[in-house]
1. Among the residues of segment A:23-43 satisfying the criterion of being under 18 Å from residue A:127 (Cα atoms) and over 18 Å from the mean Cα position of the chain (by Cα), which is farthest from the other protein chains (Cβ to nearest Cβ)?
2. Got at least one residue in segment B:75-87 being surrounded by 24 or more Cβ atoms within 10 Å (Cβ to Cβ), modelled with pLDDT of 95 or more and within 14 Å of chain A (Cβ to nearest Cβ)?
3. Please find, among A:375, A:393, the residue that is of a type in the set (Asp, Glu), over 24 Å from the mean Cα position of the chain (by Cα) and open to solvent by 50 Å² or more (accessible area, probe 1.4 Å).
4. Pull up segment B:8-35, narrow it to residues that are open to solvent by less than 60 Å² (accessible area, probe 1.4 Å) and of a type in the set (S, T, N, Q), then point me to the one that is farthest from the other protein chains (Cβ to nearest Cβ).
5. Which members of segment A:168-185 meet the condition of being away from chain B (no Cβ under 12 Å) and either under 21 Å from residue A:4 (Cα atoms) or open to solvent by less than 40 Å² (accessible area, probe 1.4 Å) (or both)?
6. Within segment B:107-166, how many residues are within 13 Å of chain A (Cβ to nearest Cβ), surrounded by fewer than 16 Cβ atoms within 10 Å (Cβ to Cβ) and in contact (Cβ under 8 Å) with a residue 40 or more places away in the chain?
7. From the list A:302, A:352, which one is on the phi > 0 side of the Ramachandran plot and among the polar types (S, T, N, Q)?
8. Got a sec? Which of B:5, B:62, B:58, B:52 is within 14 Å of the chain's Cα centre (by Cα) and either crowded, with 24+ Cβ neighbours inside 10 Å or at the interface with chain A (Cβ under 8 Å from one of its Cβ atoms) (or both)?
Amino acid sequence: MGMTITERILAAHAGEREVEAGQIVNVRVDIALGNDITAPIAINEFKKAGALKVFDREKIVLISDHFTPNKDIKSANQAKLLRDFTKEQNLTYYYEVGEMGIEHVLLPEKGIVLPGDLVIGADSHTCTYGALGAFSTGVGSTDFAAAMISGEAWLRVPETIKFVYTGKLNKWVSGKDLILYTIGDIGVDGALYKAMEFTGDVIENLPMAGRFTMANMAIEAGGKNGIIVPDKTTEEYVANRAKREYKFYSSDKDARYCDVREYNVSRIEPQVAFPHLPENVKGVSEIGNIPIDQVVIGSCTNGRLEDMRTAARILKGRKAAPYTRLIIIPATQWVYRQSMKEGLFDIFLDANAAISTPTCGPCLGGHMGVLAKGERAVATTNRNFVGRMGDPESEVYLANPAIAAASAVLGRIGSPEELQNPGEIDEI
Amino acid sequence: MRFKGRVWKFGSDVDTDAIIPARYLNTSDPEELAKHCMEDADLSFAESVKQGDIIFAGKNFGCGSSREHAPIAIKAAGISCVVAKSFARIFYRNSFNMALPIMECPEAVDVAEAGDEVEIDLDRGEIINHTKQKTFSCQPIPPFMQELVQSGGLMGYVTKKIISSP
């Protein structure tokens, strides 16, 4: 019987020739990571268990990205705990404020996670790395603590849903819209406990940035992992970044899928997810007049260089509407520098945008753009739960960077097509 | 294990931001987290919840973030068990790893109302709603999960394995 890419990677890391959905396996972990919110609990559990050394100092990564640069004293103490543990264990990878970035953008960028890896992370968006053809899933702090000690994790082999995207992408439609549309179709628990394998000619032609965005939001459909079979695009991305060997796995022709869903993308327009669930999606043309107070462009979902370029294309020569705060957060120092070099910062500053150092910040209502009661934001982030970005009576609408940038100019949710002189949107 | 308590009823897709908002995640102190448990879903919860109370919820309970602060807050608030139609994957995993008893039982959730007196027998997989005078049998816990629980959660399991390996 054939196996899916997810099953193949799990089998290889469990030391089995074959695995099948439903089976519980103990797997060897290539990379385990935690952040300034989840790692403090894990470090505490590690010490409580009497452990002295992590199983492999090259395979444990701690990233302080959620509340950094430290937003308050308690957050400072949490970040310090990670720093102290890193020093104590002499961990290979550590990125201080000034060289850090949002974990799920930073780790692929630095070549720390690679195709064929098995990655667990104490952060739900760890599923992002599936875009590289890795098996990657979010776990809790206790799982992370156990993996730091043993180098292993227990996993139930998930069933896989295959998603096939065909046709031609419409203008302003990106990976973000494909995944929002998919979540809208299957619901926030539509892939509960399952692997989501993204396939089809649209995915084959999608750049890495769009692939990362899609795998990133698999969790928003309840998925265990999102995954894309690696190809030439993947090879180009990792070739100069990898410092160790990696392996391309693929799905067998006779692999078993619990469901196959096909989408003709020519019917998909830019999507906006309404409060308070990512499944509440509408096409941008169906929205009507929804005034906004803030726009956030950034996060592990859409804080990559390509996202910055898209935002700049729309913002060039334009300004954020009066009383509309536009906050742009490049996800890593590299994205930050590259955006600056390409002149995108001038465009952003001319548009009255505030440009922030990399941080998860406002995505989870941490800092750098928390909403007041009754306020509304359009964000390129991944969740729009009650109180996600601030006051429980605030609202978050999820969209791609083009829609977010256009909305900032319009002062309401809208498309670049609604801007005056849309022909003047330049290629940058 | 047996629990007896009063029902708190919630709907579907209760996310981890509702269970414990990120604005309180600058600490992992259980007592501190318990003060804000379920704050954005029901402001009265943290003040009125009593030791031993039981949460009943719809599908996909605990969706969203991987934060273990969510089951920690629920446990520290005094909740003895969570019964839901289904659980989000990471929340499900976290609960077993830190030994917060949870059960999937859609029928029992449909019938339960806030304030009902219920009794739960974890080993037999049984929920008795005394107020409604109904008994439900639930999905048995998978054998591997039972082993985790018997080891006192994942850390106990891992420590035991390392000690017993040659």
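The values are calculated or read from the model by the stated rules, or taken from the named source; none is laboratory data. Keep in mind that this is a model prediction, so the values were computed, not measured. Because the Cβ atoms are built from the backbone with ideal geometry, glycine has one as well, and the counts that use them run over all protein chains shown. The area values use the complete protein model at the heavy-atom level, side chains included, leaving out ligands, DNA and RNA. Shrake-Rupley method; radii C 1.70, N 1.55, O 1.52, S 1.80 Å.
1. Selected residue: A:30.
2. Scanning segment B:75-87, I find at least one residue that is surrounded by 24 or more Cβ atoms within 10 Å (Cβ to Cβ), modelled with pLDDT of 95 or more and within 14 Å of chain A (Cβ to nearest Cβ), so the answer is yes.
3. Sole residue among the options that is of a type in the set (Asp, Glu), over 24 Å from the mean Cα position of the chain (by Cα) and open to solvent by 50 Å² or more (accessible area, probe 1.4 Å): A:393.
4. Here the residue is B:16.
5. Selection gives A:172, A:173, A:174, A:175, A:176, A:177, A:178, A:179, A:180, A:182, A:184.
6. Residues that pass the stated criteria total 1.
7. Answer to the check: A:352.
8. Working: B:5 fails: either crowded, with 24+ Cβ neighbours inside 10 Å or at the interface with chain A (Cβ under 8 Å from one of its Cβ atoms) (or both); B:58 fails: either crowded, with 24+ Cβ neighbours inside 10 Å or at the interface with chain A (Cβ under 8 Å from one of its Cβ atoms) (or both); B:52 fails: either crowded, with 24+ Cβ neighbours inside 10 Å or at the interface with chain A (Cβ under 8 Å from one of its Cβ atoms) (or both).
One residue alone meets the criteria, B:62.
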